[in-house]
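A short write-up of the structure that comes next.
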Amino acid sequence: MKNDEAIKLLADPQFLDKLYAYAYRHCSTSHEAQDLCSDMILAILKALRKNTEIRYFPAFAWTVAHRVHADYCEKRKRENDRFLSMEDVSSQEHPTREINKWQTENMTGNPIETMLEEQFEQEEQEEQLRKVFREMSFLSQSYRSVMIMYYLEERKIADIAASLGLNENTVKQRLFLARKTIQKATVKHKKEDHKMEQHNQNINRTLQPISLCFIGTGNPEEGDPRDKAERILSQNLIYLCRSDAKSAEELARELNVPMPYIEQELEIQCRGVSGSYGMLRSTGTGKYISNVLMVDKKEYLAANDLYRKHAPAFCQALTGAMEAEKEGIAALQRPDYPEDSRLLRWLLVSRAIWAFQSKVKDELRNAFSDTEPAKRPYTTVAIEAFEEVNYFYGCDGITAGNIGGYSHIFMSNLYGNRLQKHFACGHNISQDPLLLLTIRCVGGLALDTLNEEEQEIAAKAIRCGYLRKDGNLLKPAIVVLDEDTALWDVADSLTERTGDLARGLAAELAEFMKKHIPQHLMAEYVYYNDCIASNRFFHDVIEECISRNILNAPKDPLGPEGVLMVLTK
């Protein structure tokens, strides 16, 4: 800071008021305070002439003021000592007189009081410096770097310009704007923090971080942004951007995290895993907004209620359809395995539910005819984590080729409230001994042909529902088909009676989504249907089907229900 800038700050009425108040606290009369204040101002001006450049004016000015005050206290003490020297005889014999002397010194200003006052002022300065450093941490990188180089590293303007590849005027301009920003921020954000505390919607995420549940659809091997959003900081950052675009500084202040960490996290969340699909997107104006659908608890429950109220009617239609499709279902069963009937029903009901959701999606396209739906290999949504999300049902599929004499193998497993997951997307069939043995057992495999290690594998495969014993033979306990087209044909026929239901639901859902989906994410409406609104519907239909005896309640969560193997020669 140049001398002329410092002199302007010295002439600031607020600073002069503080200086006079400080002098008045240490003087007996206003006249003495005015004299002391004048001495302080004069001393500061003299010191400014000797120093061509001031780093931090308040610290410089108060240091000089303290020295003037210390000299004033010492001068006053010497005068008091001379006045009291005549009476100060044998202080050991007159303890009362010693106490009075201590009181007199404290009334007129002694070194102890001076030290306490100076310590108080020093603490104020240190607190102010802490605020300055904190505000520096919330500056953007371009401004933060020049502040650090100039004030902390004490580098010259020319050196900073050369290091950053800028001209000197640009560096000076950034320093000026950074200083003005910090000066305003201390007062501004104090008011904003107080205002935030008055509104329930502005929850302090520093103290009450939110947890997100991520649900996806598609092939996650193509790039799943969830992999970069596992930390609390990541989840709260993207949650704050769910509907309104925010700058790095706004996010840093709301999360009370310095800018360098926020800037890095923003870059990670925009890039994602694939480099093209992340949780956030840049608006191009220095702000960031969510790139995925994100709902809180209230919206999630309201969206699910639209589907859930149609569950009884859907199950009623499904009951009649199951009766009408008896022969088609029987044709899919293995003659030697009566359990196939109930296992096939689990697969058919789940596929009937998905087919109904697909009907709703087709109807939604009419309601959103002016919006081209987003298309990508994999899509994720985020839901505020709470107990209700546990009712979600999902299905993962895996494939392999040229194993056990089969050119292609497809497997899928259903999981949710009543069923545990057997495997996830990306699972390698060729390296899973339980699945490899299950493939060998198609058509039957004699137990006595297995060695000791294979027998242990067989025991595990039986416990997790892959295999069953039929006399001396091991056979698959799960549903095994040569092709799944017939299965899908039956499932589609089960939903033929639900067309009117799908149209009515789509109309309600479209109206709801247009009110709640942010405009910049309207193309994601198909995923709102698939991954948010219909989540609880699957659970409700499963429970209703169990109560109607369409489905059996699984005896073991890790049983054969919901597992399918399709083998192609």
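The HN-Hα couplings worked out from phi for segment 506-518 by the Karplus form 6.51 cos²θ - 1.76 cosθ + 1.60 (θ = phi - 60°) are 4, 5, 5, 5, 4, 4, 5, 5, 5, 7, 10, 6, x Hz, whole numbers, x standing for Gly and Pro.
Amide H to amide H, with H built 1.01 Å from N, GLY559 comes under 5 Å of GLN420, counting only residues 5 or more places away or on other chains. Computing FRET efficiency as 1/(1 + (r/R0)^6) for TYR24 and LYS309, where r is the C-beta to C-beta distance and R0 is 51 Å, gives about 0.10. Sequence-ordered 3J(HN,Hα) estimates for segment 370-385 from the Karplus curve with 6.51, -1.76 and 1.60 and θ = phi - 60° stand at 8, 10, 7, x, 5, 9, 7, x, 9, 9, 10, 10, 10, 10, 4, 5 Hz, glycine and proline given as x. Between ALA374 and VAL442, the modelled label-to-label distance comes to 3.8 nm, taking each label 7 Å out from Cα in the direction of the beta carbon. When you count the other C-beta atoms within 10 angstrom of each residue and take the mean per peptide, 369-380, 555-566 line up highest first as 555-566, 369-380.
Each Cα pair under 8 Å and six or more residues apart adds its separation to the average, and for segment 423-486 the resulting relative contact order is 33 percent. Here the peptides 482-489, 517-524 are ranked by packing, the mean other Cβ count within 10 Å, and the order with the highest first is 517-524, 482-489. Using a 1.4 Å probe, how large is the accessible area of HIS516, given in Å² and rounded to the nearest 10? For HIS516, the solvent-accessible surface is approximately 80 Å². A simple spin-label model places pseudo-atoms 7 Å from Cα toward Cβ; at THR170 and LYS75 they are separated by 5.3 nm. Between LYS460 and ASN428, the contour length at 0.36 nm per residue exceeds the Cα-Cα span by 9.7 nm. Based on protein heavy atoms only, segment 403-519 ends up with 49 Å² per residue of surface accessible to a 1.4 Å probe. Mind scanning LYS8/LYS180; LYS326/LYS359; LYS309/LYS421; LYS246/LYS515; LYS460/LYS555; LYS309/LYS359 and naming the pairs with a C-alpha gap bigger than 19 Å? Violating the 19 Å limit, Cα to Cα: LYS326/LYS359; LYS309/LYS421; LYS246/LYS515. In this structure the amide hydrogen of ARG155, modeled in the peptide plane, comes within under 5 Å of the amide hydrogens of TYR150, none closer than 5 places in sequence on its chain. Here the peptides 270-280, 451-461 are ranked by packing, the mean other Cβ count within 10 Å, and the order with the highest first is 270-280, 451-461. Less than 5 angstrom separates the built amide H of LEU212 from those of ALA385, all sequence-distant by 5 or more or on a different chain. Fully extending the segment from ARG271 to THR449, taken as 0.36 nm per residue of separation minus the present Cα-Cα distance, adds 58.8 nm.
If R0 is 56 Å, the Cβ-Cβ spacing of ALA43 and TYR261 corresponds to a FRET efficiency of close to 0.80.
The values are calculated or read from the model by the stated rules, or taken from the named source; none is laboratory data. Owing to the predicted nature of the structure, the values given are computational and were not obtained by experimental measurement. Cβ: placed from backbone, ideal geometry, glycine included. Neighbour counts: every protein chain shown. Note: areas computed on protein heavy atoms with side chains; ligands, DNA, RNA excluded. Shrake-Rupley method; radii C 1.70, N 1.55, O 1.52, S 1.80 Å.
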